Amino acid sequence: MSDDTCLDCHKWRQQFPYPFVNQALFEYNAAMKDFMKQYKFLGDYRLRAVFNQLVTARLKQSGRLIVTVPIHPNTFEERGFNQVLGLCEGVQTVSCLKTCQITKHTRQSEKDRAARLQTAQPFEFVEPAGSLIRGKAIIIVDDVYTTGTTIRHAASLLYQAGANSVTGLTLAR
């Protein structure tokens, strides 16, 4: 590895058929884990403001069309908000992905690494947004990059819908 690409990205290049790079703003350390627990799992929506300016500044800098990773409808019903949309508050996003309705709902955070890597495509493309995606440079936003599976599932659908290029931005990895 002669460039600054991480080992994980090098591994993904062998498996993922599209060009994709993700930038994480922070390390997923103990402090970030505590933040995510309070924000995402305990529902303290006010905490979105902690990183909102940084996230939105990076998104504006990118000059790309912004797509957020959706959450499962059951999760939205339980939590009352999409934590990724909260981090992106103040910038225009395109809602072109939805989570497939699956019979057994298991949160990604409850899976180990092997189970995450085996996750089937959890998203569907919302076709009316296709004309917005075709030929565009897209940035996908998610909260935490663990294995890269979720964000690459989203990127795959965007490429299939005609996106010119897709990159990722996550709060933590």
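The values are calculated or read from the model by the stated rules, or taken from the named source; none is laboratory data. The structure displayed is predicted, hence computed values, not measured ones. Neighbour counts are summed over all protein chains in view; Cβ atoms, including those assigned to glycine, are modelled from backbone coordinates with ideal geometry.
Name the single residue, out of those in the stretch 1-40 being modelled with pLDDT of 90 or more and among the acidic types (Asp, Glu), that is farthest from Val166 (Cα to Cα).
Only one residue fits best here, namely Asp34.
Out of Gln83, Gln53, Gln38, report the one residue that is touching a strand residue (DSSP E or B) at 6+ places or on another chain (Cβ under 7 Å), over 19 Å from Leu132 (Cβ atoms) and not hydrophobic (A, V, I, L, M, F, W, C). Even if it seems obvious, please write down each step before you answer.
Values: Gln53 fails: touching a strand residue (DSSP E or B) at 6+ places or on another chain (Cβ under 7 Å); Gln38 fails: touching a strand residue (DSSP E or B) at 6+ places or on another chain (Cβ under 7 Å).
Criteria check complete, one pass: Gln83.
Identify the residue in the stretch 60-100 that is assigned to a helix (DSSP H, G or I) and of a type in the set (S, T, N, Q) and, among all such residues, is farthest from Phe26 (Cα to Cα). Even if it seems obvious, please write down each step before you answer.
Of all residues in the stretch 60-100, those assigned to a helix (DSSP H, G or I) come to 60-62, 73-79, 83-87.
With of a type in the set (S, T, N, Q) added as a condition, the list becomes 61-62, 74-75, 83.
On the way: Gln61: 18, Ser62: 18, Asn74: 28, Thr75: 24, Gln83: 16 Å.
So the residue we want is Asn74.
Name the single residue, out of those in the stretch 64-83 being touching a residue at least 60 places away in the same chain (Cβ under 8 Å) and not β-branched (Val, Ile, Thr), that is surrounded by the most Cβ atoms within 10 Å (Cβ to Cβ).
Taking the stretch 64-83 as the starting set, the residues that turn out to be touching a residue at least 60 places away in the same chain (Cβ under 8 Å) are 64-69, 83.
Now drop any that are not not β-branched (Val, Ile, Thr), which leaves 64-65, 83.
On the way: Arg64: 19, Leu65: 21, Gln83: 24.
Selected residue: Gln83.
Among (1) of a type outside the set (Phe, Trp, Tyr); (2) at pLDDT below 85; (3) over 19 Å from Leu157 (Cα atoms), which single condition is Glu127 missing?
Only one criterion is unmet by Glu127, namely (3).
Out of the residues in the stretch 41-59 meeting the condition of being of a type in the set (Lys, Arg) and either surrounded by 12 or more Cβ atoms within 10 Å (Cβ to Cβ) or at pLDDT below 95 (or both), tell me which one is farthest from Thr149 (Cα to Cα).
Pass one, the stretch 41-59, residues of a type in the set (Lys, Arg): 46, 48, 58.
Adding the requirement that they be either surrounded by 12 or more Cβ atoms within 10 Å (Cβ to Cβ) or at pLDDT below 95 (or both) leaves 48, 58.
Details: Arg48: 24, Arg58: 22 Å.
Checked the stretch 41-59; the qualifying residue farthest from Thr149 (Cα to Cα) is Arg48.
Which residues, counting only those in the stretch 48-89, are hydroxyl-bearing (Ser, Thr, Tyr) and within 15 Å of Val141 (Cα to Cα)? Full working, then the answer.
Of the stretch 48-89, the ones hydroxyl-bearing (Ser, Thr, Tyr) are 56, 62, 68, 75.
Answer for the stretch 48-89, where residues must be hydroxyl-bearing (Ser, Thr, Tyr) and within 15 Å of Val141 (Cα to Cα): Thr56, Ser62, Thr68.
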